[in-house]
2 protein chains.
Amino acid sequence: MVKRKSLKGDYCPSARSLDAIGDWWSLLIVRDAFDGLTRFGEFQKSLGIAKNILSARLRTLIEKGILETAPAPGGAHQEYHLTEKGRALFPVMVALRHWGERYLFAPDEKRSVLVDRRSGQRVSRLEIRTEEGHLVDPDEAVIIKVPETAES
Amino acid sequence: MVKRKSLKGDYCPSARSLDAIGDWWSLLIVRDAFDGLTRFGEFQKSLGIAKNILSARLRTLIEKGILETAPAPGGAHQEYHLTEKGRALFPVMVALRHWGERYLFAPDEKRSVLVDRRSGQRVSRLEIRTEEGHLVDPDEAVIIKVPETAES
């Protein structure tokens, strides 16, 4: 694995998020957790990865406060659940899903669909808006950086 | 690097997106491209990675249709620009940024801020809504899978 510069102290929140989530496997575990999977064996079957890698990823997600463990009803197993911080990754998952739907599927290709349980309606495309509600085009968004000389 | 199962043929658009983007480095390159960086040396300085790794990631992003190259004005250099498909990753970046702002920074900690160029206003939190406009809670969203027996 490529040794990365840690981005933990980066002033950019996106970079810190990427650092905290760790890698794609971790985000696929999060996706499965949103999808209702809770057991080690379920994640393993879904992702098709080695047990030791899955164990390490689950441990990291727990350390980062994204997952938490709880005894299964009945008690023989341990279950993994998303914490509030983990559930807050929902917009990231939705944004990845919409991008994939748009660019990585043929128009008539079968795909899983994200819907609202109560109404059965599809989740609509994410819109980026300012606090006053105006749509923001990517070309119109700028990142105001923390000056290099900033005292902290 | 851990050998991954390819998710290219997965019915889940999120999984395909993760597969297409490749890894965190790639998404950090995309972030820098949104931030206006265009040259190899600029990406290298920003990310602090080895030239061969950066080259490989840039090549992959071009193959995936996320970046494209163009001669720099003047002509001595080559520039990297986001394609339409690349710019469409904007909501993913915004979602990661908001999550980071919320969970990975102390309340008074300095951080870069994403604003709308014209109005100077901050980009507001992403909301997940149904097609009819109702807010969707993560606990209320379900993924309707493609049946295993689906003909395609």
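Listed residues A:142, A:146; which is at the interface with another protein chain (Cβ under 7 Å from one of its Cβ atoms), under 20 Å from residue A:12 (Cα atoms) and touching a residue at least 60 places away in the same chain (Cβ under 8 Å)? I'd like the intermediate steps shown before the answer.
Details: A:142 fails: touching a residue at least 60 places away in the same chain (Cβ under 8 Å).
Every option except A:146 fails the conditions.
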Can you pull out every residue in segment A:13-45 that is more than 10 Å from chain B (Cβ to nearest Cβ) and over 27 Å from residue B:28 (Cβ atoms)? A:37, A:38, A:39, A:40, A:41, A:42, A:44, A:45
Got at least one residue in segment A:82-96 being more than 7 Å from chain B (Cβ to nearest Cβ), among the aliphatic types (A, V, I, L, M) and more than 19 Å from the chain's Cα centre (by Cα)? no
Does residue A:67 count as in contact with a Phe, Trp or Tyr (Cβ under 6 Å, 6 or more places away or on another chain) and either within 24 Å of residue B:142 (Cβ to Cβ) or modelled with pLDDT under 85 (or both)? yes
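Can you name every residue in segment A:7-23 that is in a helix (DSSP H, G or I) and either aliphatic (A, V, I, L, M) or surrounded by 22 or more Cβ atoms within 10 Å (Cβ to Cβ) (or both)?
Initial filter on segment A:7-23 (in a helix (DSSP H, G or I)): A:13-21.
Matches in segment A:7-23: A:13, A:14, A:15, A:16, A:17, A:18, A:20, A:21.
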Criterion violated by residue B:48 - all others in (1) over 23 Å from residue A:96 (Cβ atoms); (2) of a type outside the set (Val, Ile, Thr); (3) more than 7 Å from chain A (Cβ to nearest Cβ); (4) touching a Lys or Arg at 6+ places or on another chain (Cβ under 8 Å) satisfied: (3)
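Which one is farthest from residue A:98 (Cα to Cα), of the residues in segment B:99-121 that are exposed (fewer than 15 other Cβ atoms within 10 Å of the Cβ) and within 21 Å of the chain's Cα centre (by Cα)?
Of all residues in segment B:99-121, those exposed (fewer than 15 other Cβ atoms within 10 Å of the Cβ) come to B:102, B:105-110, B:117-120.
Pick out the ones that are also within 21 Å of the chain's Cα centre (by Cα) and you get B:102, B:105, B:117.
On the way: B:102: 23, B:105: 27, B:117: 25 Å.
Across segment B:99-121, the extreme among qualifying residues is B:105.
The values are calculated or read from the model by the stated rules, or taken from the named source; none is laboratory data. Small disclaimer: the values here were computed from a predicted structure and weren't measured. Neighbour counts run over all protein chains shown; Cβ positions are idealised from the backbone, glycine included.
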